[in-house]
1. Given Cα pairs under 8 Å that are at least 6 residues apart, what percent is the relative contact order of the chain?
2. Would you please name the trypsin sites (Lys or Arg not before Pro) within region 41-79 that are DSSP coil residues with at most 16 other C-beta atoms within 10 Å of their C-beta?
3. Hey, which lysines would be in cross-link range of Lys85, C-alpha to C-alpha under 29 Å, not counting anything within fewer than 8 residues on its own chain?
4. Compute the long axis of helix 25-45 from its Cα atoms, compare it with the longest principal axis of the Cα atoms of the chain, and write down the angle in degrees, 0 to 90, nearest 10.
5. Would you be so kind as to identify which of Leu45, Ile17, Ser27 lies farthest towards the positive end of the dipole of region 3-90, taking Lys and Arg as +1 and Asp and Glu as -1 on Cβ and the Cα centre as origin?
6. Taking just the alpha carbons, could you work out the radius of gyration and Dmax for the chain, both in angstroms?
7. With +1 on the Cβ of every Lys and Arg and -1 on the Cβ of every Asp and Glu, and nothing else charged, how large is the dipole of region 3-90 about its Cα centre, in debye rounded to the nearest 20?
8. By the scheme Lys and Arg +1, Asp and Glu -1, what is the net charge of all other residues having a beta-carbon under 11 Å from that of Leu26?
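Quick note: the coordinates plus some simple rules give every number you see, no bench work behind them. No experiment lies behind these values; they were computed from the predicted model shown. Methodologically, a virtual Cβ is constructed for each residue, glycine included, from the backbone with ideal geometry; neighbour enumeration extends over all protein chains shown.
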Amino acid sequence: MDYFELLLLGLLVICGIATCITKNLLSSIVIFMAYSVIMSVIWALLKAPDLAVTEAAVGAGISSILMFLTLKKLRDIRKKAEDEKREEEEH
């Protein structure tokens, strides 16, 4: 293995661990996106361009968009619940 491959492997492990231990959901999503990009580069180095493109499209693309939308939906639900609680306290 050359140094670039070792660097990618190290970054992959760091991203995996950081995704698991991060408490902030937004940070976790961004780290997961980086993980997917690194994984797609590794697939390209392994001469598997079909898997590299799939990992980039699904892992870094579609999955991240779905996670961002879910995070937005969770924030909207929390805000709505807080607004309803405030309205109940005012009455």
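1. Details: 60 pairs, mean separation 20.6, N = 91.
Relative contact order here is 23 percent.
2. Numbers: sites: Lys47, Lys72, Lys73, Arg75, Arg78, Lys79; in loops: Lys47.
Sites meeting the loop and neighbour criteria: Lys47.
3. Here the lysines satisfying the reach criterion relative to Lys85 are Lys23, Lys72, Lys73.
4. Taking the Cα atoms of the chain, the angle to 25-45 is about 20 degrees.
5. Among Leu45, Ile17, Ser27, the one farthest towards the positive end of the dipole of region 3-90 is Leu45.
6. Values for the chain (Cα only, Rg and Dmax): 18.6, 68 Å.
7. Values: 10 positive and 11 negative charges, 43 e Å.
Dipole magnitude for region 3-90 comes out near 200 debye.
8. Values: positive: Lys23, Lys72, Arg75; negative: none.
Spelling it out: positives minus negatives among the neighbours equals +3.
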